Amino acid sequence: MKPAPFTYHDPPTVSEVLGLLSEHGGEAAVLAGGQSLIPLMNLRLARPGVVVDVNRVAGLDHVEIGRHVVRIGATARLADLERHEGLAEVLPVLPAAIRHVAHPQIRNRTTLGGSISHADPSAELPAVLLATGGRVRLESVRGSRRVPADDFFLSPFRTSRRPDELLTSVEFPIGGGLRFLMDEVARREGGLPVVSVVLGVRTGAGGLVAEARAAASGVADRPVRLRRLERHLTGADLGDPVVRRAAADMAGHGLEPPDDLRGGGAYRKSLLRALVERLLEGAAA
Amino acid sequence: MRTIKIVVNGTAHDVEVEDRTLLSDLIRHDLRLTGTHVSCEQGVCGSCTILLDGRPVRSCLMLAVQAEGHEVETVESLSGGEATPESLTSLQRAMSDQHGLQCGFCTPGILMSVTAAQRDGLDAEETIAEVLGGHVCRCTGYRGIRAAIRQVLP
């Protein structure tokens, strides 16, 4: 099918984008990579009256690697981030997760900002943002604010971004000594994962876990932190397979994953368990 | 309606399009380059894949107006517009040699993705695992396509 009619704007500056969003608010859709929005428009599941294309905004795709933070512009394309040498050095879990997102043909268009603000409860990158403790920058004509990942994802495809706000950049903290790993199970290579898990561990005195951070997608109505697992892992000896198994066993406590076409709730819980155990084994190695 | 300037297969065109016209439809309906095939129109099947500034992308997931100022290559560019056995690229010849197509509907998209992989210096196994994953073929079971890729890539 084809998109329903709309008015198209492709302004060259952020301030013009913000002006249009302020004027059209909920009527407007922001078009970045278009790999989720355009299918929805083709299927007429989305019928925005106004499309604001941000692809011609100069400088919105910068990658800035600081001492404590990596700041990535919203329109940075996944294919470019995947091959970014500096990023692979300071935040290797991001390119690793990106390689699980769809296919190269899709990643050539998909943007980081689009992938985060689309907020698919099964997608990988929101889970990476949550696990790493990242945040997003939202701008509007009213001003700008930074929202931590923990407060950004509300429900399936819904975030705390207001209709007149543009997500302009995504920030990931670095240099905290956490080593992140991610893994997932998808029905086919390049498909949306049934469950994906991101786990970060900082090892302290005596080889015990000093700090752990974990998040998963596909186990709730939005990507979630696995806080109980994080607490359980603190002080744990990951060299011990019994400890790893016990942690994996409790990773899904308190979660009630939804049933859908890609997998039932019980199956999703068993995948979460298996993925956590696999990642803990990787973290111990 | 607006008029956009777009370069397709090295030729500049001024085309009048609606804002909502998909790039795939501009290529097929306005430019009459019907080698680019359209199937799912939701980015899943890969048959409409073209090269945008040298990179394979889904033409059904772009608005035509977004291609203004960019270079588009379609399957028609591969053999220089000719359709003779002598004009085929090494990849097209390999697809024929290895029976990499039956109905041929998915073939133009695969040719464009693998041509980009060839130019970027990807090896055969990488191309089969990563790039071919972005295409759906319902005839061949992929055996012939994989053999064709192995025939032309290291």
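GNM on chain A, C-alpha springs below 10 Å: top fluctuator among A:Pro95, A:Pro48, A:Pro126? Most flexible of the set in this elastic network: A:Pro48. For chain B, the relative contact order is 24 percent, taking Cα pairs closer than 8 Å that sit 6 or more residues apart in sequence and dividing their mean separation by the residue count. Projected onto planes of every orientation and averaged, the convex hull of the alpha-carbon atoms in segment A:1-103 covers 7.8 nm².
When the Gaussian network model of chain A links Cα atoms closer than 10 Å, the mean-square fluctuations of A:Glu23, A:Glu211, A:Glu124 top out at A:Glu23. All distinct Cα pairs of chain B go into the 1/r average, and the inverse of that average, the Kirkwood radius, is 15.6 Å. Over the residues of chain A, the helix contribution to mean residue ellipticity at 222 nm works out to -9000 deg cm²/dmol, using -39500 (n - 2.57) for each DSSP H run of at least 4.
Across peptide B:125-134, the mean count of Cβ atoms from other chains lying within 10 Å of each residue's own Cβ comes to 3. Computed from phi, the 3J(HN,Hα) profile of segment A:114-121 under the Karplus parametrisation 6.51, -1.76, 1.60 (θ = phi - 60°) reads x, 5, 6, 7, 5, 6, 5, x Hz, with x in place of Gly and Pro. Taken as Cα centroids, segment B:1-73 and segment A:205-224 sit 43 Å apart, rounded to the nearest whole angstrom. For the protein assembly as shown, the Kirkwood radius over C-alpha pairs fed into Stokes-Einstein at 25 °C and 0.890 mPa s yields D = 107 µm² per second. The angle between the Cα long axis of helix B:143-152 and the longest principal axis of the Cα atoms of chain B comes to about 90 degrees, rounded to the nearest 10. Between the Cα long axis of helix B:107-119 and the first principal axis of chain B there is an angle of about 80°, rounded to the nearest 10. Accessible surface ranking for B:Tyr142, A:Tyr8, A:Tyr267, 1.4 angstrom probe, highest first: A:Tyr267, B:Tyr142, A:Tyr8. When you filter the trypsin sites (Lys or Arg not before Pro) in segment A:181-285 for DSSP loop state and at most 10 other Cβ atoms inside 10 Å of their Cβ, you are left with A:Arg188. If you find the alpha carbon centre of segment A:18-53 and of segment A:132-153, how far apart are they in angstrom? Using only Cα atoms, the two centres lie 20 Å from each other. Converting the Cα gyration tensor eigenvalues of segment A:122-196 into ellipsoid dimensions via √(5λ) gives semi-axes, longest first, of 25, 17, 9 Å.
So what's the angle, to the nearest 10 degrees on a 0 to 90 scale, between helix A:241-250 and the longest Cα principal axis of chain A? Computed tilt is about 50 degrees. Only Cα pairs under 8 Å and 6+ residues apart enter the sum, and on that basis the relative contact order of chain A stands at 16 percent.
Within the listed set B:Cys60, B:Cys103, B:Cys137, the residue fluctuating most in the Gaussian network model of chain B (springs between alpha-carbon atoms under 10 angstrom) is B:Cys103. Relative to one another, the C-alpha centroids of segment A:233-285 and segment B:102-154 are positioned 36 Å apart.
The values are calculated or read from the model by the stated rules, or taken from the named source; none is laboratory data. Because the structure is a prediction, the values reported are computed rather than measured. Heads up, the Cβs are rebuilt from the backbone with ideal geometry, glycines too, and the neighbour counts pull from every protein chain shown. For accessibility, only protein heavy atoms count, side chains too; no ligands or nucleic acids. Shrake-Rupley method; radii C 1.70, N 1.55, O 1.52, S 1.80 Å.
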